[in-house]
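For reference, the structure discussed in these notes is given below.
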Amino acid sequence: MAKADLVFTRGPVFTVDPARTRATSLAVMGERIAAVGHDEVRELIGPDTEVVDLTGKLLIPGFQDAHVHAVFAGAELAQCDLTDTVSVTDYLERVRAYADAHPDREWISGGGWSMESFEGGLPTRQLLDSVVPDRPVLLSNRDHHGAWANTRALELAGITADTPDPADGRIEREPDGTPSGMLQEGATGLVGHLVPPSTDADRLAGLHRAQSLLHSLGVTGWQDAMLGEFHGQPDPSAAYMTAAQDGTLTARVTGALWWDRERGADQIPELVARREKLKAGRFRATSVKIMQDGVAENFTAAMTSPYLDGCGCATANSGLSFVDPEALRGYVTDLDALDFQVHFHALGDRAVREALDAVEAAVAANGRRGNRHHLAHLQVVHPEDLTRFAALGAIANIQPLWAAHEPQMDELTIPFLGAERAAWQYPFGDLVRAGATLAAGSDWPVSSPDPIEGIHVAVNRRDPAAADAPVFYPEQRLDLATALAAYTAGTAHVNGHDDAGSLRAGNLADLVVLDRDILTAPPEEIGQARVERTYVGGKLVHAS
């Protein structure tokens with residue numbers, strides 16, 4: 001009898017396999033799982049077998065991320081980093097320190113600041129001028145749907161009181177029309193195209209930095225949600241190809257090719273050519289990313305009814321649909337016929353409906369081709385559309401970390417949605433009850449890439465660091481097994497890895513060892529768990 005290369009014993013093992021959800025032992029031969037079971041698996045231990053005694057630690061399938069910007073996030077870690085604080089004083093000190101440490105940098109760039117730090121979510125150019133008056137500064141906020149610029153950056157871009165807003169964005173202004181320093185959505189590109197692009201070496205280093213961090217969090221594969229140039233951001237595709245070809249890409253990566261919303265169906269042949277070109281090792285670009293709307297905090301998420309103002313009265317603004325809904329149906333039908341997966345950014349309930357209408361048109365025209373189209377973010381879903389996910393085979397790609405009370409939600413979102421519509425936010429429980437398939441992601445660097453944090457919020461509807469906060473619409477909580485499945489089998493499915501995401505004989509040995517059995521711990525302690533080991537194809541890629 002052939003002996004295993006690697007055996008895990010004395011479980012628990014959570015398989016995410018309906019046929020056998022729990023086991024105590026697992027064996028690996030080569031890059032695949034050879035056996036899952038109990039004491040009988042020990043018969044596969046030979047003199048050269050590595051044996052891992054779990055001693056009560058939990059073995060699960062490797063996590064996958066269905067929506068992440070790994071290269072950008074990794075590169076951003078080397079820029080002016082404003083994450084992990086909400087203090088304006090901290091922001092300014094970090095900007096000043098970064099500028100002082102990099103006197104030769106033509107531009108100061110980076111980001112990660114939070115809208116909750118500023119009244120109305122709007123920082124000013126004067127604040128940045130106080131620390132860097134002589135060089136241009138452009139800093140993305142944490143959701144990357146807006147950017148904070150100083151006066152010098154606005155001057156270099158030629159943005160004045162007479163500059164019109166672009167069709168897909170907004171320049172925030174002072175009372176006399178002078179740009180205030182905050183740029184929303186497409187307006188960021190008015191300045192962003194001037195920022196010197198990162199180099200190929202920068203992006204490759206960013207990928208390696210991101211991969212190391214993601215592996216340390218148990219992530220064995222992901223879908224990069226934006227391959228292409230956008231508002232001055234360079235295309236990360238070459239970094240993936242280099243790493244895939246030289247063997248340093250240890251994760252399994254699906255790329256989503258960026259849909260240029262200023263063009264139409266004429267770009268489809270280019271997408272086909274890029275799909276053919278961008279495949280090597282563990283990387284392939286088989287998805288197309290269509291960004292249908294913006295975000296609720298700056299009132300650009302597309303809604304079926306208008307936003308409210310500070311007094312609770314309806315405004316004239318219902319958000320932006322970046323792609324004409326009728327045209328969208330045609331584009332998605334064409335992409336589906338070519339066996340592209342479509343990855344939608346759909347945050348408001350109108351954008352969700354428009355994306356589902358497009359999938360429905362594709363199904364009507366082409367039949368069911370199994371292309372696993374998915375809608376990411378799903379902040380507001382109209383109750384009438386919940387059952388359409390299962391009916392159309394559209395996958396709900398959720399970012400659970402956002403489904404919690406925090407200042408950006410409580411101060412910049414709920415008051416402007418109103419009570420009824422606010423209760424439609426992140427309806428994970430309703431989607432499951434309506435039969436939808438869930439996949440899960442982080443949208444890092446928008447928010448933490450840690451799947452354990454996301455699972456904690458999906459189950460508790462509270463941030464792990466805010467145990468005393470009210471539960472955010474408790475009827476939408478997920479049970480732990482469902483949340484784990486979304487981060488493993490569900491996301492492996494959406495990423496096209498049918499032989500990963502669950503622990504069964506023959507599947508890829510993409511595995512994670514947690515430091516405790518979260519299935520038997522109180523739900524409020526899920527967020528305390530840590531990853532001890534991560535394996536991809538049976539090879540150890542992280543050990544704490």
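The table for this structure:
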item	result
Percent antiparallel among DSSP beta bridges (both partners in the chain, rounded to 5)	50 percent
Rounded to whole Hz, the Karplus (6.51, -1.76, 1.60) HN-Hα couplings of the range 494-504, x for glycine and proline	5, 8, x, 10, 6, 9, 9, x, 8, 9, 9
Cut-off under 5 Å, modelled amide H: who pairs with LEU227 long-range	ALA256, LEU257, TRP258
222 nm mean residue ellipticity, helices alone, for the chain (DSSP H n ≥ 4; -39,500 (n - 2.57); rounded to 500)	-7500 deg cm²/dmol
Solution diffusion estimate, µm²/s, Stokes-Einstein, the range 107-192, Kirkwood Rh from C-alpha pairs, 20 °C, viscosity 1.002 mPa s	172 µm²/s
Segment ARG10-ALA161, extension gain: residue separation times 0.36 nm, minus the distance between their alpha carbons	47.5 nm
Dipole in debye (nearest 20) - the chain, about Cα centre, beta carbon charges: Lys, Arg +1; Asp, Glu -1	1620 debye
Square roots of 5 times each gyration tensor eigenvalue, C-alpha, the range 55-127, largest first, Å	32, 17, 13
Zone of ALA521's modelled label, taken as backbone nitrogen in the range 44-82 under 17 Å from a point 7 Å along Cα→Cβ	54-61, 63
Cut-off under 5 Å, modelled amide H: who pairs with LEU6 long-range	VAL28, GLU50
Projected label distance in nm at ALA97 and ASP499, using a 7 Å step from Cα toward the beta-carbon	4.8 nm
Extension gain (nm, one decimal) between ASP200 and THR85, 0.36 nm per residue minus Cα-Cα	38.4 nm
Charge dipole (the chain, unit charges on Cβ, about Cα centre) - positive-most of PHE230, VAL295, ILE455	ILE455
Ranking of MET409, MET115 by count of other Cβ atoms within 10 Å, fewest first	MET409, MET115
Neighbour net charge for GLY37 - beta-carbon separation under 14 angstrom, K R +1, D E -1	+1
Cβ-based exposure ranking for HIS374, HIS542, HIS102, in which fewest neighbours within 10 Å come first	HIS102, HIS542, HIS374
Long-range amide H partners of HIS382 with built H, under 5 Å	none
Cα extents of the chain along the three principal axes, largest first (Å)	80, 54, 52
Exposure proxy ranking, count of Cβ atoms within 10 Å, fewest first, for VAL16, VAL95	VAL16, VAL95
Spin-label pair ARG369/GLU106, simplified geometry with 7 Å Cα→Cβ offset, distance in nm	4.3 nm
For PHE72, net neighbour charge (Lys/Arg +1, Asp/Glu -1) across residues whose Cβ lies under 10 Å away	-1
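Laboratory data are not the source of any read-out in this text; all were calculated from the coordinates shown. All values reported here derive from a predicted model rather than from experimental measurement. In this analysis, Cβ positions are derived from the backbone assuming ideal geometry, glycine residues included, and neighbour counts consider all displayed protein chains.
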